[in-house]
Amino acid sequence: MLNLPVPAQMDGRVVYELLKEKTPASAPQKAKIENIETTVKTASGNYKLVLQRTVLGKYIYTDFTKTERVKK
């Protein structure tokens, strides 16, 4: 379509959520949202770091990250 070469192998999954066809029983059914938080202390201040990710079967998607300066 865009004159891009077709790779010999591809990786990923079918996004059944966007298709009208029925999702096969072997496809992951329930997504889990995880929040990972940590605090970093530096000479210029303290920072809170947050990463939100969605886990769907063996696939992990980063939803967003957030950095917040924490007042002392």
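The values are calculated or read from the model by the stated rules, or taken from the named source; none is laboratory data. The shown structure was predicted, so the numbers you read here are calculated from the model rather than taken from an experiment. Positions of Cβ are backbone-derived with ideal geometry, glycine not excepted, and every protein chain shown enters the neighbour counts.
Quick notes
- Condition met for Asn35 (out of contact with any helix residue (DSSP H, G or I) (no Cβ under 6 Å at 6 or more places or on another chain), exposed (fewer than 11 other Cβ atoms within 10 Å of the Cβ) and at pLDDT 85 or above): yes
- Restricting region 37-72 to residues that are of a type in the set (A, V, I, L, M) and within 12 Å of the chain's Cα centre (by Cα), the residue that is nearest to Val14 (Cα to Cα): Leu56
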